[in-house]
Amino acid sequence: MPSRSCPRSATHAGVAWCGLLTLLAAVSAFNFIQPLPDIAHVALIVMAATALGVFLPDLLWQRVQRRTLVVARARGNWPRTLTKFAGLLASLGFVALLYWVFPEYYRPGAFYRNYWRALQVLVPLWLVLALPYLWWVDRRLEQPEDALWQMGRLVLGRWRDVRPVVVGQYLLGWLVKGFFLPLMFTYFCNDLNRMLHYEPAAILTGFQGVYDFLYFSLYFIDVALVSMTYLMSLKLTDTHIRSTEPSMLGWVTAIVCYQPFWSHVSANYIQYERVPWTGWLAPLPGLYALWGSLILLLVVVYVWATVSFGGRFSNLTHRGIITNGPYRYTKHPAYIAKNLSWWMLSMPFMITDDGPAALRRCLLLGLLNVIYYLRAKTEERHLALDPVYVEYAAWIDEHGVFRWLNRIPVIGAIARWRPTFAHRPLAWIWP
């Protein structure tokens, strides 16, 4: 039976909005003061301000540390702490090795140059703070012999206590951070530089100027917040990774939507774009403004979903179940809003193309929708390992805004379908 009330969200809505406000305040401040010469360093300061806006109320008001840390302190265990530190160094080395091996990351004039500049600040700071942080947290964990400790035991050659599935899940979490953090931080730096140099006159050119600024600003907020969340994965703040997507289907459908894979896939397999909607509706000012406003509304819902995560957003990982914000109305508000916005942005080719060409482009965009549908379903399957999500999903099925779809025979079956794979932490790596 579904719960009478929606399960409590992993983060309070007020905490999430505090993070957004501090992000906007930090960006606004850099519009009035002389920014640092390196945009990567400016981005780190903005991310730090955003993190303070999220984690101070989370720690001082919501007391999220009580979920993972016990009040009673054990005696410090330096051998275990040093083992964890060895595991952390090995984890960083694991990601660094991948960056060194794959030309995508190390080629001259690399797309990720701002990320490398940020790492020159972050890695030394990380290493200085890591040991005291690990010692402090280790004393307050109910189960201190965690995945990081097992990683340390593995690299120290003490394999007797190592559980391969746990270490494998741990390394998958580092793969997620190693892939998405440089990408999102690079986008953030590029967009931050553009935001700090945005010409106010461009906004005052009519609806088109307002639309362009708001569309850009909303996606800027999205990449700014997620850049911070990929970096701040800590047990102290209850934003640590509980589990990582265990299926190959989940990984493929997620990373194919991002660079460097998306440029190849979109150019050769899902190239549906042709003409912008703005030119299509330019002769009809009223409909033009209405259509653009509806697109912006969908993007607002998409960004609202990101904001609702507070410090817990991350593709392919479970870092706490979010049940407030737009997630109180549907399990996948971000995917639904984004895909609907793409149809509205792409409407011109359905009107201006001939029949066969319009059908072909619709099928290509539909294929992209299928990819996001599979992403949603593999996420549901992964998160269903948590009983809180099972309760939340049952509540949404009973109270969600799209619950009426379940009564339509074919659509209801599609909505309820989930891919099946073994309920194991490494279903596609470990037998």
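The values are calculated or read from the model by the stated rules, or taken from the named source; none is laboratory data. These figures come from a predicted structure and were not determined experimentally. Here the Cβ is made from the backbone with ideal geometry for all residues, glycine too, and neighbour counts use every protein chain on show.
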Being in contact with a helix residue (DSSP H, G or I) (Cβ under 7 Å, 6 or more places away or on another chain) and under 13 Å from TYR219 (Cβ atoms) is the filter here, so list the residues in region 185-209 that pass it.
TYR187, PHE188, ASP191, LEU192, MET195
Qualifying positions in region 219-270 - in contact with an Asp or Glu (Cβ under 9 Å, 6 or more places away or on another chain) and charged (D, E, K, R):
LYS235, ASP238, ARG242, GLU245
Within region 86-108, is even one residue outside any loop (DSSP other than H, G, I, E, B), of a type outside the set (A, V, I, L, M, F, W, C) and touching a strand residue (DSSP E or B) at 6+ places or on another chain (Cβ under 9 Å)?
no
Which of the residues that make up region 121-150 are part of a helix (DSSP H, G or I) and either under 15 Å from PRO79 (Cβ atoms) or of a type in the set (Asp, Glu) (or both)?
LEU131, LEU134, TRP135, ASP138, LEU148, TRP149, GLN150
How many residues does region 10-43 hold that are of a type in the set (Gly, Ala, Ser), touching a residue at least 60 places away in the same chain (Cβ under 8 Å) and out of contact with any Gly (no Cβ under 8 Å at 6 or more places or on another chain)?
2
So if I check each of TYR198, TYR170, which one is surrounded by fewer than 18 Cβ atoms within 10 Å (Cβ to Cβ), among the hydroxyl-bearing types (Ser, Thr, Tyr) and either touching a residue at least 12 places away in the same chain (Cβ under 8 Å) or within 30 Å of ASP146 (Cα to Cα) (or both)?
TYR198
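Answer yes or no as to whether LEU52 is surrounded by 12 or more Cβ atoms within 10 Å (Cβ to Cβ), within 22 Å of ARG242 (Cβ to Cβ), of a type in the set (A, V, I, L, M) and modelled with pLDDT of 95 or more.
no
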Please verify whether region 206-215 includes one or more residues that are among the hydrophobic types (A, V, I, L, M, F, W, C) and closer than 26 Å to ALA48 by Cα.
yes
LEU287 meets each of (1) over 13 Å from MET344 (Cα atoms); (2) loosely packed, with under 13 Cβ neighbours inside 10 Å with one exception, condition (1)
Restricting attention to region 234-273, and to residues there that are under 15 Å from the mean Cα position of the chain (by Cα), hydroxyl-bearing (Ser, Thr, Tyr) and in a loop (DSSP other than H, G, I, E, B), which single residue is surrounded by the most Cβ atoms within 10 Å (Cβ to Cβ)?
THR239
Inside region 212-233, can you point out the residues that are modelled with pLDDT under 95 and surrounded by fewer than 20 Cβ atoms within 10 Å (Cβ to Cβ)?
ASP212, MET232
Please determine whether any residue of region 67-74 is under 21 Å from LEU122 (Cβ atoms) and not acidic (Asp, Glu).
no
Write out, first by first residue and then by second, each pair whose Cβ atoms fall under 8 Å of each other, whose residues are 6+ apart or on separate chains, and whose first residue, in region 123-144, is over 15 Å from THR83 (Cα atoms) while the second is of a type in the set (Gly, Ala, Ser).
ARG140/ALA74
Does region 53-79 hold any residues that are touching a residue at least 24 places away in the same chain (Cβ under 8 Å), within 23 Å of LEU131 (Cβ to Cβ) and in a helix (DSSP H, G or I), and which are they?
PHE55, LEU59, GLN65, THR68, TRP78
Of the residues TRP251, TRP304, which single one is without any contact (Cβ under 8 Å) to a residue 40 or more places away in the chain and either in contact with a Leu (Cβ under 6 Å, 6 or more places away or on another chain) or not acidic (Asp, Glu) (or both)?
TRP304
Restricting region 243-258 to residues that are of a type in the set (Val, Ile, Thr) and in contact with a helix residue (DSSP H, G or I) (Cβ under 8 Å, 6 or more places away or on another chain), which is farthest from GLU104 (Cα to Cα)?
THR244
Quick check, is LEU297 over 28 Å from the mean Cα position of the chain (by Cα), surrounded by fewer than 19 Cβ atoms within 10 Å (Cβ to Cβ) and free of Cβ contacts under 8 Å to residues at least 40 places away in the same chain?
no
Return the residues of region 109-120 that are free of Cβ contacts under 8 Å to residues at least 12 places away in the same chain, surrounded by 14 or more Cβ atoms within 10 Å (Cβ to Cβ) and not in a helix (DSSP H, G or I); say none if nothing qualifies.
ALA110
